[in-house]
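Quick notes on the structure that follows.
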Amino acid sequence: MDGVTDRAYRTIQKKYGHPDLVYTEFTSVEGLCHNAIKLMRAFDYDEEQRPIIAQIFGSTPENFRPVAVMLCELGFDGVDINMGCPAKKVHRHGSGAGLICTPELAQEIVRQTKQGIDDYRNGMRSKDCPDFSSRILKDVRTRVKNLPKPVDPNRHVGLSLKTRVGYNEPITREWFKYLLDTEVEAIALHGRTLKQQYTGMANWEEIGTAVEIAKPTGKLILGNGDVMNHAQALEKVKTYGVDGVLIGRASFGNPFVFLKEGEKPSATIFEIALEHCQLHENDWPNTEEHNSFYIMRKHLGWYIKGIADASDIRRELFLCNNTAEVRAVFQKYKLI
Ligand SMILES: Cc1cc2nc3c(=O)[nH]c(=O)nc-3n(C[C@H](O)[C@H](O)[C@H](O)COP(=O)(O)O)c2cc1C
């Protein structure tokens, strides 16, 4: 999730919630192909985060191919194409959920991404890709700080996409006709339209329809929307036949959302919040010109949600500039 699922966040979620699968923040293929080296930060990950999927978005098919080669080279377990983002800055360029209106373009994007994965298996590396950013290409693995060791080049790299049930209205059947006719192995479906953004409730009946029509193809369908815990996820699997469930917002400040029934948290949420602060500081140290800790403040707001005196505590946390200051606030309110 954009602005949320960076390396530190994923480390915390994996360590304290053990989700089966995590995704990077979505990243623009157009940006990557135009030398935006700073975007490479999104692809920083650790071995413990496997299986880890890199998510990309864009609307220019030819940009997906070299980026897919690069993601294989960086050792990701899968490449996921975002066809569901409702943000204006994304869909007005025809990317994200904008692709629901141009299904043939969506198919071409899948084809090019698959081609990139195949190119990698056939020995191509990002430095061999014509027209790809020459600065990124120098040595792509040096562009990401904490990358695990190179992986077996012959292993399988998955291809998937994530989308919504429609643009203005649910059109799952129509939209899936196109998606099921591509080489993606899995489709994650958020049960809202673009127009709904995040309002109303996710329409799980539409997700059930997708499961039904996808069955003969053997493609996996992952359902998404408004799932609050592991038990609810299991319920969705039972009721709608999905192969898996993605949990988004309910994980904010709460890695325990992924714990199975009866599994006990191995630390308190405030200890975890402090650990998250420290990981964040390690990855994004403050400099004289720039305070990077502000990004952490929203997470702190999530960690204390629902506790007594939350608004007073939040006010103080939102003034913190490092882990030590957060610890002092937690101690003042006897949270640790
Ligand atoms: C802050 C924020 C950022 C998001 N960024 C992404 C993203 O980068 N890629 C993506 O596929 N979905 C993104 N989403 C959508 C979520 O993955 C998910 O589909 C949506 O929140 C519904 O699931 P939930 O009810 O479990 O949160 C984002 C959602 C939020 C709230």
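Among the residues of the stretch 172-221, those identified as more than 23 Å from the chain's Cα centre (by Cα), assigned to a helix (DSSP H, G or I) and either modelled with pLDDT under 95 or among the acidic types (Asp, Glu) (or both) are GLU174, GLU205, GLU212.
For the stretch 19-38, the set of residues classified as open to solvent by 10 Å² or more (accessible area, probe 1.4 Å), under 27 Å from THR102 (Cβ atoms) and not in a helix (DSSP H, G or I) consists of TYR23, GLU25, PHE26, SER28, HIS34, ASN35, ALA36, listed by residue number.
Which residues, counting only those in the stretch 205-220, are farther than 16 Å from LYS162 by Cβ and either among the hydrophobic types (A, V, I, L, M, F, W, C) or open to solvent by less than 40 Å² (accessible area, probe 1.4 Å) (or both)? Give the derivation first.
Let us first name the residues in the stretch 205-220 that are farther than 16 Å from LYS162 by Cβ, namely 205, 208-209, 212-213, 215-218.
Correct list: GLY208, THR209, ILE213.
Set side by side, the residues THR142, THR113 differ, and just one is polar (S, T, N, Q), surrounded by 19 or more Cβ atoms within 10 Å (Cβ to Cβ) and not in a loop (DSSP other than H, G, I, E, B), which is THR113. Within the stretch 1-51, the set of residues being in contact with a Pro (Cβ under 8 Å, 6 or more places away or on another chain) and among the hydroxyl-bearing types (Ser, Thr, Tyr) comprises TYR16, TYR45. State whether the residues of the stretch 290-305 include one that is under 18 Å from the mean Cα position of the chain (by Cα) and among the aliphatic types (A, V, I, L, M). Within the stretch 290-305 (the criterion being under 18 Å from the mean Cα position of the chain (by Cα) and among the aliphatic types (A, V, I, L, M)), the answer is yes, since at least one residue qualifies.
For residues in the stretch 149-159 being buried (at least 16 other Cβ atoms within 10 Å of the Cβ) and closer than 15 Å to TYR45 by Cβ, which is modelled with the highest pLDDT? So, considering only residues that are buried (at least 16 other Cβ atoms within 10 Å of the Cβ) and closer than 15 Å to TYR45 by Cβ, the one modelled with the highest pLDDT is VAL157.
Taking first residues from the stretch 132-143 that are at pLDDT 75 or above and partners that are part of a helix (DSSP H, G or I) and surrounded by fewer than 17 Cβ atoms within 10 Å (Cβ to Cβ), the Cβ contacts under 7 Å between residues at least 6 apart in sequence or on separate chains come to ARG143/ILE37. The sole residue among GLU235, GLU288, GLU263, GLU275 that is among the acidic types (Asp, Glu) and either within 15 Å of the ligand (Cβ to nearest atom) or in the same structural domain as GLN196 (by TED's automatic domain parsing) (or both) is GLU235.
Looking only at the stretch 1-18, which residues are assigned to a loop (DSSP other than H, G, I, E, B) and more than 12 Å from the ligand (Cβ to nearest atom)?
Here is the first cut: in the stretch 1-18, the residues assigned to a loop (DSSP other than H, G, I, E, B) are 1-6, 18.
Once the filter is applied, which keeps residues that are assigned to a loop (DSSP other than H, G, I, E, B) and more than 12 Å from the ligand (Cβ to nearest atom), the stretch 1-18 yields only HIS18.
With the structure loaded, tell me whether GLY223 is within 14 Å of the ligand (Cβ to nearest atom), surrounded by 14 or more Cβ atoms within 10 Å (Cβ to Cβ) and assigned by TED's automatic domain parsing to the domain that holds ALA87 or whether it fails that test. Yes, satisfied.
Any residue that is assigned to a helix (DSSP H, G or I), open to solvent by 30 Å² or more (accessible area, probe 1.4 Å) and more than 21 Å from LYS127 (Cα to Cα) - is there at least one of those in the stretch 39-51?
At the first step, the residues of the stretch 39-51 found to be assigned to a helix (DSSP H, G or I) are 39-43, 47-49.
Next, from what is left, pick out any that are open to solvent by 30 Å² or more (accessible area, probe 1.4 Å): 39, 41, 47-48.
Subset that is more than 21 Å from LYS127 (Cα to Cα): 47-48.
Within the stretch 39-51, one or more residues are assigned to a helix (DSSP H, G or I), open to solvent by 30 Å² or more (accessible area, probe 1.4 Å) and more than 21 Å from LYS127 (Cα to Cα).
Does GLY248 fit the bill of being farther than 30 Å from CYS277 by Cβ, crowded, with 16+ Cβ neighbours inside 10 Å and within 11 Å of the ligand (Cβ to nearest atom)? The answer is no for GLY248.
Let's see how each residue does on (1) outside any strand (DSSP E or B); (2) touching a helix residue (DSSP H, G or I) at 6+ places or on another chain (Cβ under 9 Å); (3) small (Gly, Ala, Ser):
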{"residue": "ASP226", "(1), (2), (3)": "yes, yes, no"}
{"residue": "LEU234", "(1), (2), (3)": "yes, no, no"}
{"residue": "LYS238", "(1), (2), (3)": "yes, no, no"}
{"residue": "VAL242", "(1), (2), (3)": "yes, yes, no"}
{"residue": "VAL245", "(1), (2), (3)": "no, yes, no"}
{"residue": "GLY253", "(1), (2), (3)": "yes, yes, yes"}
{"residue": "VAL257", "(1), (2), (3)": "yes, yes, no"}
{"residue": "LYS260", "(1), (2), (3)": "yes, yes, no"}
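The values are calculated or read from the model by the stated rules, or taken from the named source; none is laboratory data. Quick caveat: nothing in here was measured; it's all calculated off a predicted structure. Quick reminder, even Gly has a Cβ in these numbers, built from the backbone with ideal geometry, and neighbours come from all protein chains shown. Remember, those area values only see protein heavy atoms, side chains included, never the ligands or the DNA or RNA. Shrake-Rupley method; radii C 1.70, N 1.55, O 1.52, S 1.80 Å.
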